[in-house]
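Asks: Have a look at this one before I ask anything.
The values are calculated or read from the model by the stated rules, or taken from the named source; none is laboratory data. Remember, predicted model here, so these are calculated numbers, not experimental data. Reconstructed Cβ throughout: ideal geometry from the backbone, glycine too, with neighbour counts over all protein chains shown.
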Amino acid sequence: MEEIRVVIFDDNPRVRDAIQMLVAGTEGFLFVAAFENCNDLVSCVEASTPDVALMDIDMPGVSGIEAVKIIRSNFPSVQVLMQTVFDDDEKIFNAVCAGAGGYILKNTPPAKILESIQEVFHGGAPMSPSIARKVLQLFSENVSQKEIIKDYNLSAREKEVLALLVQGKSYKMISDDLSITYDTVRAHMKKIYEKLHVSSMTEAVAKAIHHRLT
């Protein structure tokens, strides 16, 4: 089984320890490193070679939002899952625009944290329900109402999948709703990415809203 390499950036030692125990004690995951800040971010990521970085949004020195931009620029294959105790509108929007793959609250249950790591690793965009609602609302408020509606030649099924994504549903929920397999959802998403010319779930959702594709 392929192990997902996980690193955490958080200035709270109790959070770091809790995540380390959770990840290290679960089959299919490999805990590779923990850091209390992002001041030496590039060298930290180079040394630990993670698949997924759990990132605290509020940290001293280099902020979590700035860290996302650095990781996306230097390590495009590394997925970033933001963690915070707040559901602050502006920070959520900035983190998503910076390239964060997912956004969860720190009070998320352990099993859901592991599921979110797995989902973001496989190209999904896990978000706590309250966060997902805010993101969709923020994107809706920030798109131009004068934008020309474009046709990206999406199939009827691809539009169904995209519509459910816009509702904040996960790959698993979409597979259940449409009675198709998880791998089929991933296959549809690959096609959607290609047709929309995007590389992340958040970009796909933003474009769907922006161009009124659903």
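Asks: Got a sec? Which of 85, 45 is β-branched (Val, Ile, Thr) and surrounded by 17 or more Cβ atoms within 10 Å (Cβ to Cβ)?
Replies: On inspection, the qualifying residue turns out to be 45.
Asks: Ok, one more. Looking at segment 1-90, what strands (runs of 3 or more DSSP E) fall wholly within it and have at least 1 residues that are over 20 Å from residue 124 (Cα atoms) and not aromatic (Phe, Trp, Tyr)?
Replies: Answer list for segment 1-90: 29-35.
Asks: A further question follows. Check off (1) at pLDDT 85 or above; (2) outside the structural domain of residue 182 (by TED's automatic domain parsing) for residue 154 and give me the number that stays unchecked.
Replies: The single condition residue 154 does not satisfy is (2).
Asks: Given the criterion of a type in the set (Asp, Glu), over 13 Å from the mean Cα position of the chain (by Cα) and more than 20 Å from residue 205 (Cα to Cα), identify the matching residue among 51, 40.
Replies: 40
Asks: Looking only at segment 13-34, decide whether some residue is within 14 Å of residue 63 (Cα to Cα), in contact (Cβ under 8 Å) with a residue 24 or more places away in the chain and touching a strand residue (DSSP E or B) at 6+ places or on another chain (Cβ under 7 Å).
Replies: No, there is no match, as no residue in segment 13-34 is within 14 Å of residue 63 (Cα to Cα), in contact (Cβ under 8 Å) with a residue 24 or more places away in the chain and touching a strand residue (DSSP E or B) at 6+ places or on another chain (Cβ under 7 Å).
Asks: Further, regarding this structure: I'd like the full set of residues that are crowded, with 20+ Cβ neighbours inside 10 Å and over 23 Å from residue 107 (Cα atoms), limited to segment 56-73.
Replies: Result: 71, single match.
Asks: Here's a follow-up. I'd like the full set of residues that are under 19 Å from residue 104 (Cα atoms) and among the β-branched types (Val, Ile, Thr), limited to segment 11-55.
Replies: Answer for segment 11-55, where residues must be under 19 Å from residue 104 (Cα atoms) and among the β-branched types (Val, Ile, Thr): 15, 19, 23, 52.
Asks: Of all residues being closer than 23 Å to residue 78 by Cβ and of a type in the set (S, T, N, Q) in segment 176-202, which is surrounded by the most Cβ atoms within 10 Å (Cβ to Cβ)? Just the residue, please.
Replies: If we take residues in segment 176-202 being closer than 23 Å to residue 78 by Cβ and of a type in the set (S, T, N, Q), then 202 is surrounded by the most Cβ atoms within 10 Å (Cβ to Cβ).
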